[in-house]
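Structure first, then comments.
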Ligand SMILES: C[S@@+](CC[C@H](N)C(=O)[O-])C[C@H]1O[C@@H](n2cnc3c(N)ncnc32)[C@H](O)[C@@H]1O
């Protein structure tokens, strides 16, 4: 079997504009099987299951990082967003430089491009903090017979990584997040890299937004869809534009960023028909390729607080995103007295 051709075949469904969930599920299963065979290692061992605790978040263990592939919509949308930006950035003059922060053991989100573009078209830097994943991703790429490509593997913490100023990336890809930007270090990774790159470098995802919102009453959990959630106010935006805007007390030389405190007040008359305060995540991967509410584990809304039907007054929610060993949106909720 020509393994590169097989990889092109199994990943072709991600590039199809028409959505066929059955075919997508098959593609995801075949892609996972192929990668597990190439990897040839049992990742469900203690080493593979251990996350790495950092000062600014948690890096997933190899076994868990490999499983991210199975989040169908996430994997499809990231691959499509990367495809769009590669098509835009391609040039006949020199290869574009793609930096992938947190490759995991399979480099899942960029492997389809490794078998579709030549060394003259794209060069890659793959960063991974977890030594087990770092070893496995090199094995997988070697077994695919892709040694002729220009790929630099780096075993490093991307939140501290210094980009070579003579070799700046054009595209930066990282999926190191969970819903509500909790636990994993997506934000410090992007912050560190955003400070060092050219203005026209593209970050994938391009924009991640958190909203305080409301969930409709009486819908069983398994039936919840985007239309059952109402976004009341945006409380965090992670994008190149927002990170360096006036609201953030940011110094380009410092390693910390103070996110603005936000206060959201929801008047009582707006609460009719809703039973919970929720924290909503939306992701713009690139331009029209996004991950809407509840389409992926990354955008599953989080219940902040049930709302009593007896509530007579308004609700005040104070929020601030904080980077720490357990990064998250910190919040306090004040509800007016109930009868
Ligand atoms: C959620 S997994 C995603 C794996 C794969 N990129 C995918 O999308 O399927 C995140 C990966 O990023 C790595 N990672 C997390 N924090 C990191 C950091 N600060 N520097 C480098 N790699 C990191 C983790 O070890 C893990 O392999």
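Rule-based calculations on the coordinates, nothing more; no lab input. Note that the coordinates shown come from a computational prediction; the quantities given were computed from them, not determined experimentally. Cβ coordinates were reconstructed from backbone atoms using ideal geometry, including for glycine residues, and neighbour counts include every protein chain displayed.
Couple of notes before you dig in:
- For the range 284-334: rounded, prolate or oblate by the Cα gyration tensor [a/c cutoff 1.5]: oblate
- Peptides 151-159, 268-276, 203-211 ordered by average Cβ neighbours within 10 Å, highest first: 203-211, 151-159, 268-276
- Note: relative contact order over the range 1-65, using C-alpha pairs below 8 Å and six or more positions apart, is 21 percent.
- Rounded tilt (10° steps) of 21-39 against the dominant C-alpha axis of the chain: 50
- When you count the other C-beta atoms within 10 angstrom of each residue and take the mean per peptide, 13-26, 43-56, 177-190, 312-325 line up highest first as 177-190, 312-325, 43-56, 13-26.
- Here the Gaussian network model covers the chain, with springs between Cα atoms less than 10 Å apart; of 257, 214, 311, 311 fluctuates the most.
- Sorting 97-104, 219-226, 121-128 by their mean Cβ neighbour count within 10 Å, with the most densely packed peptide first, gives 97-104, 121-128, 219-226.
- The chain: proportion of alpha-carbon pairs further apart than 37 angstrom, %: 21
- Mean separation of Cα contacts under 8 Å, 6 or more apart, over the residue count of the chain: relative contact order %: 17
- Global form of the range 1-75, assessed from the alpha-carbon gyration tensor, a/c cut-off 1.5: oblate
- Alpha carbon convex hull of the range 20-174, volume per residue in cubic angstrom: 113
- Helix axis angle, 131-143 relative to the chain longest principal axis, alpha carbon, degrees: 50
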